[in-house]
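Quick note: the coordinates plus some simple rules give every number you see, no bench work behind them. Just so you know, these numbers come straight off a predicted model, no measurement behind them. Cβ atoms come from the backbone with ideal geometry, glycine included; neighbour counts cover every protein chain shown.
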Amino acid sequence: MRHLFQNTVKLCALVTALSWAFSQSIRADDTNFSVQNARTSPQWLRDGVIYEIFPRDFSSSGTLNGVTAHLDQIKSLGVTILWVMPIHPIGEKSRKGDLGSPYSIKDYYAVDPNYGTLDDFKRLVAGAHKRNMKVIMDLVADHTSWDSVMMAHPEFYKQDGNGKIIPPDPGWTDVAGLNYANPQLCDYMIAMMKYWVQTCDVDGFRCDVAYMVPTDFWTRARTELEKIKPGIMMLAEANKPELLVTAFDIDYNWPMLATMNQVIENGSPASNIQKTWEASRAQFPKGALHMEITDDHDESRAVARYGVHGALAASALMFTLDGVPLLYNGMEAGDATESGDPALFDKLTIFWDPKDRPPLRKIYHSLIGLREQYPCFCDSDVTWLHNSNENDVVTFMRGDDKNQFVVVINFSNRPVTTGLTMKDSSGFKVMPLSGMPDTNTDALQQLHLNGFEWRIYHRSVTNANVANN
């Protein structure tokens, strides 16, 4: 494929995006997972909005109580699921940065004293439940710190030919890889997961680098957890089709994130967004659910990568496409504080009042409100619509037997003109969204959009609409 990379930058971006779409999905037996059914996810997950919290940075105190104190603020945004990043003590041996990575865990059964106590975590979970929010813990099953209490069992770890414990990846120098060929390790890890469900009543787990842990372990763990808490949620940090058949409810839409990066940062055609979506449908089991992301602890902030208005355009896609959207740690404020490696290893508190931001909290609240009010935004049906400028503009429809919505997003930073190809576009009107500026009422056949401008059009369904579309 080398010759493809010698063509234009845009063609290179397409190849990169599609490579992401098929990464981690190829098995030696070439199983076609698209003909299988994904496991049925809880409805509260399909309807939900996930908020990832890094307790160290979320508040000035950097504690679990600092999170609990802001649960009303999170709830009022419309969030339904809290994902709490690892709360366990961090290893000191081979630590990166001053405070270390929260993914370098010393003791799975303990709470980091810098965060608080077990009772503090119980209060956080109970407080979220009182506000009708679910809580999932971050489970780091692939590796531990080098000074983990589990080092008393060297047989739990991956070793080289000389019996030396090794990291799961040569670049991950602060962690040691766990060996799931050892049945006793599998028993230990499942017992630990049960402990947190039974002790703190957590609603599930986000499973770090899930693709690096054998699928049969996850399937067994899921079965055991369902016995004590039916309907538990399992989120895989992966984009691996087989994981959604038996073990996990949802995974990461990394291919879409990679494509958005290429489109917004490098000027790849916006039409690649549809191509990436279609590639995912072609390889994943029927009904597969993906978490839509632009921001998380592994990425620099979207407002830094895309600019404020580009980040908002990406969020408009994330909240209106099928899947479950993710907000990360101050994203609703437009926080641009450095995140990811190496910022992950130190304390960089969220800046809650950055300068020159649109009213992002109001806008996110409005987008979440659409998902709450109109069930079609939470189902899997997406109809892609042709427009006359697909290099820059993405257009698609979401709808059911009561309402239809047309989403129009300009992914370029310059004004554009486009028009939609629809048999019947009558009755569509721009949806007013709190926090968004008043927009003109262009008909769908001839749209004038400013740089990174997006709109959502709505009409009530009639028999004529259904027949014509």
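Put a plus charge on the Cβ of each Lys and Arg, a minus charge on the Cβ of each Asp and Glu, and nothing anywhere else: the dipole of the stretch 291-434 about its Cα centre is then about 620 debye. If both residues of a DSSP beta bridge must be in the chain, then about 50% of such bridges are antiparallel.
How far is the Cα center of the stretch 162-196 from the Cα center of the stretch 220-239, in Å? Here the two parts' Cα centres lie 19 Å apart.
Taking θ as phi - 60° and the Karplus parameters 6.51, -1.76 and 1.60, the scalar couplings of the stretch 101-114 work out to 7, x, 9, 10, 9, 8, 8, 5, 8, 10, 9, 4, x, 5 Hz in sequence order, x denoting glycine and proline.
What the Cα atoms of the stretch 383-468 give is an Rg and a Dmax of 12.6, 39 Å.
For the stretch 19-378, the relative contact order is 22 percent, taking Cα pairs closer than 8 Å that sit 6 or more residues apart in sequence and dividing their mean separation by the residue count. With q set to 0.12, 0.19 Å⁻¹, the log10 of I(q)/I(0) for the stretch 254-336, from the Debye formula over equal scatterers at the Cα positions, is -0.33, -0.82. In the chain, taking the dipole from charged Cβ atoms about the Cα centre, the farthest positive-side position among Trp254, Gly451, Ala181 is held by Gly451.
Spread over its residues, the convex hull of the C-alpha atoms of the stretch 24-138 is 160 Å³ per residue. Amide H to amide H, with H built 1.01 Å from N, Asn391 comes under 5 Å of no residue 5 or more places away or on another chain.
Relative to one another, the C-alpha centroids of the stretch 37-67 and the stretch 75-97 are positioned 10 Å apart. In whole angstrom, the stretch 206-291 maps to an equivalent ellipsoid with semi-axes of 29, 12, 10, each derived as √(5λ) from the alpha carbon gyration tensor and ordered largest first. Which one of Asn389, Met133, Ser148 has its Cα pushed farthest toward the positive end of the charge dipole of the chain, where Lys and Arg give +1 and Asp and Glu give -1 at the Cβ? Value computed over the given set: Asn389. Across the options Pro86, Tyr51, Leu64, the greatest Cα extent toward the positive end of the charge dipole of the chain (unit charges at beta carbon of Lys, Arg, Asp, Glu) belongs to Tyr51. Taking every DSSP helix (H) stretch of at least 4 residues in the chain, weighting each as -39,500 (n - 2.57) and dividing the sum by the residue count yields a mean residue ellipticity at 222 nm of -9000 deg cm²/dmol. What is the percent of Cα-Cα separations in the stretch 136-268 that go past 22 Å? Cα-Cα pairs in the stretch 136-268 separated by more than 22 Å: 44 percent. Near Trp218: Cβ cut-off under 14 Å, other residues only, Lys/Arg at +1 and Asp/Glu at -1. The net charge is -4. Would you kindly calculate the translational diffusion coefficient of the chain, applying Stokes-Einstein with the Kirkwood radius from alpha carbon pairs, for 4 °C and a viscosity of 1.567 mPa s, and quote it in µm² s⁻¹ without decimals? For these conditions, the coefficient is 56 µm²/s. Here the gap between Val461 and Lys423, fully extended at 0.36 nm per residue and compared with their Cα-Cα distance, gives a gain of 12.2 nm. Charge dipole (Cα centre; +1 on Lys/Arg Cβ, -1 on Asp/Glu Cβ; no other charges) of the chain amounts to roughly 740 debye. Using a cut-off of 31 Å between Cα atoms, the listed pairs Lys93/Lys134; Lys96/Lys240; Lys286/Lys423 include Lys93/Lys134 as exceeding that distance.
Which residues in the stretch 320-336 place their backbone N less than 16 Å from a point set 7 Å from the Cα of Lys402 along the Cα-to-Cβ direction? What the label zone holds, given the 16 Å backbone N cut-off, is no residue at all.
Summary value for the stretch 302-375: 32 percent relative contact order, contacts being C-alpha pairs under 8 angstrom separated by 6+ residues. Among the listed pairs Lys402/Lys429; Lys130/Lys362; Lys75/Lys347, those with a Cα-Cα distance over 18 Å are Lys130/Lys362; Lys75/Lys347. Ignoring aspartates and glutamates fewer than eight residues from Lys122 along the same chain, the ones with Cα atoms less than 12 angstrom from its Cα are Asp201. At the listed q of 0.13 Å⁻¹, the Debye profile of the stretch 302-364, built from one uniform point per Cα, gives log10 I(q)/I(0) equal to -0.36.
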